[in-house]
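The values are calculated or read from the model by the stated rules, or taken from the named source; none is laboratory data. Since the structure is predicted, the reported quantities are computational estimates derived from the model, not experimental observations. Backbone-built Cβ (ideal geometry, glycine too); neighbour counts: all protein chains shown.
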Amino acid sequence: MDFKDKVVYQIYTKSFRDSNGDGLGDLRGVIEKLDYLRDLGVNYLWLTPFYKSPLNDNGYDIADYLSVDPAFGTMEDVEELIAEAEKRGLGLMFDMVFNHTSTEHAWFRQALAGEKKYQDYYIFREGGLDAPPTNWESKFGGSAWEYVPELGKWYLHLYDRTQADLNWDNPEVRGELKDVLRFWKAKGVKGFRFDVVNLISKPAVFEDDHQGDGRRFYTDGPHIHEYLKEMVADADIGDMVTVGEMSSTSLDNCVRYTNPAEKELSMTFSFHHLKVDYKDGNKWELQPPDLGRLKDLLTTWQLEMQRAGGWNAVFWCNHDQPRAVSRFGDDGKYWKQSAKMLATCVHLLRGTPYVYQGEELGMTNAGHASIEQYRDVESLNYYRIMLEAGKTEAEALEVLRQRSRDNGRTPMQWDGSPNAGFTDGTPWILPPENYQTINAEAELRDPDSILQYYKRLVQLRKEEPVIAAGQIEFLFRDVPEVFSYRRFLGTQDLFVVNNLTGHEVTLGDVPWAGCEKVLGNYADASKVLRPYEAAVYKACR
Ligand code: GLC
């Protein structure tokens, strides 16, 4: 399976397109928009979960892996979507949430009813009401353990308390999950995205963490590589495109996850570069992005994955992140320039680029100003935690305006009609007010739009093999404002230069002097790099 010359587009199903007016995006909505996606030139569509779910975490709390939640459609819709996508040369990647299930899943219900077999599917521990087995914290805030009085036991949930962690040390659990993969593969799916998959292998002994929240005990855990190899081999998915979402992972582990000799995954998402605006590593404390650090992290990961034969998924945005243009660019004066610059930065790196719905339009953070407008369980939990810790309501809201996952979950902005053309009903979450100017319809008409620029970038990958197959080296490493690199393959050279800032930067002698400019976000040529300027030069040796 070749994934190096491909581009993946992520669809957050709930916010993409509502076909039946109930305010929630659905599978038929995706079918309606397939021509738009084909015209963008992408190859794969990763769909976030649409399986049966109480939707406490928008579908990442799965109650049945093999059926479709009526809110999103039917199994016939899934089949039609796969077939219609295939007609347009698009492959589907489905999201597999295998670290945990919803507490509504039949397995968990049977566990609660006292069935020993199903209690072994999860991580239950004995303990009194006042003594959770460890002091580990949930990633959504509070304890990672929930007490079940009827059983006199606690169960582990690294996320919401309605998302119970599965026990991967139980071979029956591993067997069930392989069946899930076989089921979807047989439907014609071309790939999988594995949710927080590096958290599945828990330690043999559970102990308190006196240095952190517990993550060092279960992140890239003791049997992780063994379990991934077994899953890939037994479910026979080694020929499919697979991406693992790796929470707080390490570079060494990502090399192992993705080096083809290991027969684990095609590529990994890692997030270190998306924490450079966390003050002291805390997501809920604001600081401006540290651009030098951002550049260093991207550089180190690129070079090390190249040296050791690993492969990165390269991206800025997904449904858990604020919008990149608001975060690392400028969503006011230099909106268009900075969105195009950010796209240039990642698309030409060594790795498979991911475009998150609306990123190709330069969609911005929502900026919702009242707590009533937020929906995300993590945001609502941390809002309360921030107030309890002494922040004022205004301060806590400002943090959410910049950090909430809801910033990336507002409706796709299709056109300037009410609710951005997402729904004829009442949207489950409001779009930002700017949809009248930032929308697909307007950008399809404008030859200079961000959308057209993404199309060119996607096209360039098809025209220039150096992008998918070439080596990378970094240039101007000591200039923190500039992210620049050279891609090379045989006699082919491509130079990429990006000004990460809103002011002019002068570089002096540049190795691309006299070369042909093949792409850029300023029409004319200039010796100085203008605010957020991006340029791509084809070499001439
Ligand atoms: C991943 C998903 C996120 C979800 C979490 C728990 O990080 O991307 O949306 O809340 O896993 O499943």
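Quick check: is even one residue across the stretch 345-353 under 28 Å from TRP284 (Cβ atoms), hydroxyl-bearing (Ser, Thr, Tyr) and out of contact with any Leu (no Cβ under 9 Å at 6 or more places or on another chain)?
Going residue by residue through the stretch 345-353, those that are under 28 Å from TRP284 (Cβ atoms) are 345-346.
From what's left, hydroxyl-bearing (Ser, Thr, Tyr): none.
Looking through the stretch 345-353, none of the residues is under 28 Å from TRP284 (Cβ atoms), hydroxyl-bearing (Ser, Thr, Tyr) and out of contact with any Leu (no Cβ under 9 Å at 6 or more places or on another chain).
Within the stretch 415-430, the set of residues being buried (at least 24 other Cβ atoms within 10 Å of the Cβ) and touching a helix residue (DSSP H, G or I) at 6+ places or on another chain (Cβ under 6 Å) comprises ALA420 only.
Just to verify a result, which residue in the stretch 154-183, among those that are closer than 18 Å to ILE237 by Cβ and of a type in the set (Asp, Glu), is farthest from the ligand (Cβ to nearest atom)? This residue is ASP179.
Counting only residues that are free of Cβ contacts under 8 Å to residues at least 40 places away in the same chain and more than 17 Å from TRP168 (Cα to Cα), which one in the stretch 100-123 is farthest from the ligand (Cβ to nearest atom)? The qualifying residue farthest from the ligand (Cβ to nearest atom) is GLY114. When ASP493 is tested against (1) under 19 Å from LEU303 (Cα atoms); (2) surrounded by 20 or more Cβ atoms within 10 Å (Cβ to Cβ); (3) not hydrophobic (A, V, I, L, M, F, W, C), just one condition goes unmet, and that condition is (2).
Being without any contact (Cβ under 8 Å) to a residue 40 or more places away in the chain and touching a strand residue (DSSP E or B) at 6+ places or on another chain (Cβ under 7 Å) is the requirement here; does PHE50 meet it? Yes; evaluated as a whole, the condition is true for this residue.
ALA324 meets the conditions (1) over 16 Å from the mean Cα position of the chain (by Cα); (2) of a type outside the set (Lys, Arg); (3) under 23 Å from TYR485 (Cβ atoms) in every case but one. The failed one is (1).
Within the stretch 13-32, identify whether any single residue is among the aromatic types (Phe, Trp, Tyr) and within 16 Å of the ligand (Cβ to nearest atom), and answer yes or no. So that I can check it myself, show each step before the final result.
The first filter runs over the stretch 13-32 and keeps only residues among the aromatic types (Phe, Trp, Tyr), leaving 16.
Next, from what is left, pick out any that are within 16 Å of the ligand (Cβ to nearest atom): 16.
Yes.
Of the residues making up the stretch 463-506, those that are assigned to a loop (DSSP other than H, G, I, E, B), more than 19 Å from TYR334 (Cα to Cα) and in contact with a Ser or Thr (Cβ under 8 Å, 6 or more places away or on another chain) are PHE476, ARG477.
Would you check which residues across the stretch 90-125 are more than 30 Å from the chain's Cα centre (by Cα) and of a type in the set (Gly, Ala, Ser) and list them? If the condition is that a residue be more than 30 Å from the chain's Cα centre (by Cα) and of a type in the set (Gly, Ala, Ser), then ALA111, ALA113, GLY114 are the ones that fit.
The residue pairs whose first member lies in the stretch 364-384 and is more than 16 Å from the ligand (Cβ to nearest atom), whose second member is part of a loop (DSSP other than H, G, I, E, B) and of a type in the set (Val, Ile, Thr), and whose beta carbons are closer than 9 Å, counting only pairs six or more residues apart or on different chains, are THR364/ILE438; ASN365/THR410; ALA366/THR410; ALA366/ILE429; HIS368/THR410; HIS368/ILE429; GLN373/ILE429. Outside any loop (DSSP other than H, G, I, E, B), surrounded by fewer than 19 Cβ atoms within 10 Å (Cβ to Cβ) and at pLDDT 95 or above: is that true of LEU298 in this structure? The answer is no for LEU298.
Considering (1) surrounded by fewer than 21 Cβ atoms within 10 Å (Cβ to Cβ); (2) charged (D, E, K, R); (3) within 15 Å of the ligand (Cβ to nearest atom), the lone condition that GLU126 does not fulfil carries the number (3).
For PHE192, state whether it is more than 15 Å from the ligand (Cβ to nearest atom) and under 24 Å from the mean Cα position of the chain (by Cα). No.
For the stretch 385-414, the set of residues classified as of a type outside the set (Gly, Ala, Ser), surrounded by fewer than 15 Cβ atoms within 10 Å (Cβ to Cβ) and assigned to a loop (DSSP other than H, G, I, E, B) consists of THR392 only.
Looking only at helices (runs of 4 or more DSSP H) that fall completely inside the stretch 43-150, which ones have 3 or more residues that are within 23 Å of VAL241 (Cα to Cα)?
Numbers: elements: 75-87, 106-112, 116-119.
So the answer is 75-87.
Restricting to the stretch 266-293, count the residues that are more than 21 Å from GLY141 (Cα to Cα) and assigned to a helix (DSSP H, G or I). Counting residues in the stretch 266-293 that are more than 21 Å from GLY141 (Cα to Cα) and assigned to a helix (DSSP H, G or I) gives 4.
Among the residues of the stretch 457-473, those identified as touching a residue at least 12 places away in the same chain (Cβ under 8 Å) and surrounded by fewer than 17 Cβ atoms within 10 Å (Cβ to Cβ) are GLN459, LYS462, PRO465, ALA469, GLN471, GLU473. Residues in the stretch 224-265 that are surrounded by fewer than 16 Cβ atoms within 10 Å (Cβ to Cβ), on the phi < 0 side of the Ramachandran plot, part of a loop (DSSP other than H, G, I, E, B) and touching a residue at least 40 places away in the same chain (Cβ under 8 Å): ASP239 alone. Taking the stretch 308-346 as the range and being of a type outside the set (Ser, Thr, Tyr), away from the ligand (no atom under 16 Å from the Cβ) and in a loop (DSSP other than H, G, I, E, B) as the test, the residues that pass are GLY309, GLY310, TRP311, PHE328, GLY329, ASP330, ASP331, GLY332, LYS333.
Take the residues in the stretch 294-304 that are within 19 Å of the chain's Cα centre (by Cα) and aliphatic (A, V, I, L, M); name whichever of them is farthest from GLY141 (Cα to Cα). My answer is LEU298.
Take the stretch 441-450 and flag every residue that is surrounded by fewer than 20 Cβ atoms within 10 Å (Cβ to Cβ) and in a helix (DSSP H, G or I). First the steps, then the outcome.
Within the stretch 441-450, the first condition is being surrounded by fewer than 20 Cβ atoms within 10 Å (Cβ to Cβ), and the residues that meet it are 441-442, 444-448.
Result: GLU441, ALA442, LEU444, ARG445.
Contact map, the stretch 130-145: residues that are at pLDDT 95 or above and away from the ligand (no atom under 15 Å from the Cβ) paired with residues that are among the basic types (Lys, Arg) and not in a loop (DSSP other than H, G, I, E, B), Cβ distance under 6 Å, separation 6+ or inter-chain. Pairs shown: PRO133/ARG125.
Any idea which of ASP77, ASP95 is within 15 Å of the ligand (Cβ to nearest atom), among the acidic types (Asp, Glu), modelled with pLDDT of 95 or more and touching a Leu at 6+ places or on another chain (Cβ under 7 Å)? Break it down stepwise before answering.
On the way: ASP77 fails: within 15 Å of the ligand (Cβ to nearest atom).
One residue alone meets the criteria, ASP95.
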